[in-house]
Structures are given as structure tokens and as C-alpha cells.
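First comes the structure, then the notes that go with it.
The values are calculated or read from the model by the stated rules, or taken from the named source; none is laboratory data. Keep in mind that what you see is a predicted model, and the values were worked out from it rather than measured. Note: ideal-geometry Cβ built from the backbone for every residue, glycine included; neighbour counts use all protein chains shown. For accessibility, only protein heavy atoms count, side chains too; no ligands or nucleic acids. Shrake-Rupley method; radii C 1.70, N 1.55, O 1.52, S 1.80 Å.
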Amino acid sequence: MADISSAGSSGIGAGEDDGIDDMLKHLELHEDELDDVVLGETAVAEFRKEARWLAIGKVLTTKSFSVEAFFEKMKAVWNLSREPGCREAGKNMFIFQMHCLGDWKKVVHQGPWTFRGCGVFIEDYDGMSDLETVAFTGMYVWAQIHGIPELYRKETVVDDLARKIGKAKEVQMAPKLFYEGNYVRTRVMIDTTKPLMRFVSLSVTGEGRKRLAVKYEKIPFFCKRCGLLGHDYEECGDGVWEEKDLQYGTWMLARRRVSQPVSDSRSFTPRVPQRGGWSGRGGKETIPRKRSSGDAKLDDKDDTKDTVSSLMKITDTGNLKEDDTILARRKLDLAGTVMETKEGYNTTEPNGSSEEVPPPPPLYTDPRERTKLRKVSPNENDLATSAASFEEDRRAQ
């Protein structure tokens, strides 16, 4: 349009702000410009069929942002069955093309959607209307009405209260309490050109007026000063406000309930053995109890008395004398009979016989030690045998 205005005749003037119909009154079109592209009924019917899943959106903010980041963010948030088509159609305005009814219903009816805390308006679009005529003044949100007395908690009463907040679309009388408080839940379209509703009033004849708090779920940024969506209180006016001037706040936001973690009794948790043994089946630690010497009966002389009896018990531990030929002399008490050990042989048996008892076996010697001794000196037995054989031969001669 800017090129046409600059190259046109003097009668056009400020043609940028005029409509195309007004511009055509002052323009003379040549033959090539009058050559039409004809669309048949079949092609138009196909295009209208695809336009069923169109939607138009707008980000409620005056700040600049990345269009690519916006597209990627919304695709991730929506998580549709098929990747939607997205294109920029104006300042903060976008066209979305879905490919099935389920994806279209999710995008258009399951809001509110936000991008970096800013509200995203989503409206149905027929593909024919002028984009400038689309009004983005309403946004569907989930609102809660708290503190309704049980006597007046009726669907007709709740529907009238919801209409005070905005255009009511759905009312849940007994919602699952994912948020704190006792409330009913309603989906309403709020007018973004008006401040948010903080309270609704219920007037009962004879009882007076009751103020019922309104809280919102997942609502975009709003101004704490004026209550409008799309900016912060520091961006409202000159941004300098006292605490008393802030008429809106985070107390208007619904707060999620925090559930206590439930421990699974079937889960196995390994236990570390404590000093004194493992803990019992009931989970109680088995701690040994300290006992005194009296409890342990350590002072009882009968318990500490030596009562061990043995056939080989030593009865006399006198001084041992060592000679060159006698290594040890001991007296052993075997069933009342004294037995003397002399020169390594026992001369008396317990039954009174005088048979000699062989000495105990020699001490154990490591085979490796015996091998070393053989290498160092010849065998004495072999030398003795050789000498004896030589003497016998000489006598025989």
C-alpha cells in the first residue's frame, strides 16, 4: 500500500489509512490487473473443510518476544497428536492450523494459556473474516467461589453468582479439591478490559449480605493496582505506589493443596545392624541392658572355683631339674596311680603292668628343613653301615 500511495496520482493523498475500496475509486487498473484467478466450487469446499480446524491467537503484552520461541513453547504445552501449523499474522497475532477435532478443541476450549506469564487469547476463526475485526476481549478462566453456605449451595444460586464474574460456561458443584478451601468451580469468560472480580455478594432476606471470595486458577499476570491483565503494577502509570494503593494481590490466586507423602508398608528398607544385634520384627532396637557384677553373680565363689577334672591333670608342679640325659621328670595322677616319666619312658601303667610305653613321637620338622640338612652333611646311617661292612670283611679274611 505504501508503494501505491507514493506512485499514485495527486488525488490519492494519504491513501495508507484508507480502505482498498476507497483507493480503487482513484486508481485506473490495467488489463493484467483485471485478470482473475478462478476458484471452483470443489476447491472452495475443500478449503472450507480444512478451515474447520483454524484458530487465531494473540499474546496479551506490549513487550517484544521471539516468535520462534512462542511457537515452540505452545507446541510443547499443547502436546497435540499432530504438529500444528503456525504463522504470524500481525502484531502479537498468530494463525494456528490444527488437523483434527481433538487438537482443535484442546487449543480453543482448554485454556487459559500463558506464555512467559502473559495471557494468550485463542478464538475460533473461519478463515474469511478480516483479522482486524476479531475482538480479543474475553478469556476463559477457571474461577472458584469460596464460602457458600451449604443451605444455599444450589446450582441456580451458583450460576447466578458465576454470571457476576463473567459469561458462565460450566459450573462444578462438587469438584475434586485439588486446591485449598471449600469452593465451587466455574468456567467463565472474563472481560479483559475490566478489573478482575475479587468478591461476589449473596444477599439473603433477614440475614443480610454475605461476601464470597473469588479465586482464580492459572491466571496470567495482572496489575495489583488496577486489576487488569497484561501488565504489572510497576508498569501501571508511573509505577510508584504505596502498599495501601495495591487493591489486588496474590491472595486472589488459588493455592494447590500439599498432600502428605504416604509410606508404602510393602516397600523394603534395608536396616543396619545395631550394636548388640539386629532389631526385632516390630522395628524396635534390641539394646543390651547393662548389668552390675551382682546381677551377673561375679562374686559367687562357687561359680569361679576350678572344677575341671582330667586323667592327665598335673598334681605336682615342683622344680624341674634338667640333666644331660633326662629332659624332664613329671608326676602324673592317673586314676589314683602315680606315674613317673624317666629318660623319656613310662615305667608304670595305671593297671600295674611293667610294659614299657614308647616315648612320644619326635617334634615335627618341615620337609624343606630336612632337605637342607641332607645337602649340608652326608647321612650318618649310611656312614655307619659302610663302616660295619668293611670291618666284617676284614675279620672274614
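Condition (residue is surrounded by 15 or more Cβ atoms within 10 Å (Cβ to Cβ), at pLDDT 90 or above, within 25 Å of VAL107 (Cα to Cα) and among the β-branched types (Val, Ile, Thr)) applied to the range 134-153: is it met by at least one residue?
Within the range 134-153, one or more residues are surrounded by 15 or more Cβ atoms within 10 Å (Cβ to Cβ), at pLDDT 90 or above, within 25 Å of VAL107 (Cα to Cα) and among the β-branched types (Val, Ile, Thr).
Within the range 72-99, how many residues turn out to be open to solvent by less than 50 Å² (accessible area, probe 1.4 Å), out of contact with any helix residue (DSSP H, G or I) (no Cβ under 8 Å at 6 or more places or on another chain) and within 24 Å of LYS49 (Cα to Cα)?
2
With the condition being of a type in the set (Asp, Glu), I'd like the strands (runs of 3 or more DSSP E) fully within the range 125-213 carrying at least 1 qualifying residues. Break it down stepwise before answering.
Details: elements: 138-146, 167-172, 183-191, 199-204.
Passing ranges, in order: 167-172, 183-191.
Show the residue pairs meeting these rules: Cβ distance below 8 Å; 6+ apart or different chains; first residue within the range 169-190 and closer than 22 Å to PRO220 by Cα and polar (S, T, N, Q); second residue open to solvent by 50 Å² or more (accessible area, probe 1.4 Å) and outside any strand (DSSP E or B).
none
Cβ-Cβ below 9 Å, separation at least six or inter-chain, first residue in the range 230-251 and under 21 Å from MET139 (Cα atoms) and in contact (Cβ under 8 Å) with a residue 60 or more places away in the chain, second part of a loop (DSSP other than H, G, I, E, B) and not hydroxyl-bearing (Ser, Thr, Tyr): which pairs?
Close Cβ pairs (under 9 Å, with a partner that is part of a loop (DSSP other than H, G, I, E, B) and not hydroxyl-bearing (Ser, Thr, Tyr)) amount to GLY230/LEU60; GLY230/PRO220; GLY230/PHE221; GLY230/CYS223; HIS231/PHE221; HIS231/CYS223.
With closer than 19 Å to GLY90 by Cα, of a type outside the set (Gly, Ala, Ser), touching a residue at least 60 places away in the same chain (Cβ under 8 Å) and open to solvent by 50 Å² or more (accessible area, probe 1.4 Å) as the only criterion, which of ASP124, ASP130 stands out? Don't jump to the end; show me each part of the working.
On the way: ASP130 fails: touching a residue at least 60 places away in the same chain (Cβ under 8 Å).
After ruling out the rest, the residue left standing is ASP124.
Within the range 35-77, which residues are without any contact (Cβ under 8 Å) to a residue 12 or more places away in the chain, closer than 21 Å to PRO112 by Cα and part of a helix (DSSP H, G or I)?
Scanning the range 35-77 gives GLU68, ALA69, GLU72, LYS75, ALA76.
Go through the range 228-247 and count every residue that is under 16 Å from CYS118 (Cβ atoms) and open to solvent by less than 80 Å² (accessible area, probe 1.4 Å). Lay out the reasoning, then the answer.
Our first condition is that a residue be under 16 Å from CYS118 (Cβ atoms); within the range 228-247, this holds for 228-236.
Right, trim to open to solvent by less than 80 Å² (accessible area, probe 1.4 Å) and you get 228-233, 236.
Adding up the residues that qualify gives 7.
Please specify each residue of the range 206-227 satisfying the condition of being out of contact with any Pro (no Cβ under 8 Å at 6 or more places or on another chain), surrounded by 12 or more Cβ atoms within 10 Å (Cβ to Cβ) and modelled with pLDDT of 90 or more. It would help to see each step written out before you state the result.
Quick first cut of the range 206-227, residues out of contact with any Pro (no Cβ under 8 Å at 6 or more places or on another chain) only: 206-209, 211-217, 221-225.
Of the ones still in play, those that are also surrounded by 12 or more Cβ atoms within 10 Å (Cβ to Cβ) are 212-217, 221-225.
Result: LEU212, ALA213, VAL214, LYS215, TYR216, GLU217, PHE222, CYS223, LYS224, ARG225.
If I filter the range 113-124 for residues that are of a type in the set (Asp, Glu) and not in a strand (DSSP E or B), do I get at least one hit?
Step one: of the range 113-124, the residues of a type in the set (Asp, Glu) are 123-124.
Okay, now just the ones that are also not in a strand (DSSP E or B), so none.
No, because not a single residue in the range 113-124 is of a type in the set (Asp, Glu) and not in a strand (DSSP E or B).
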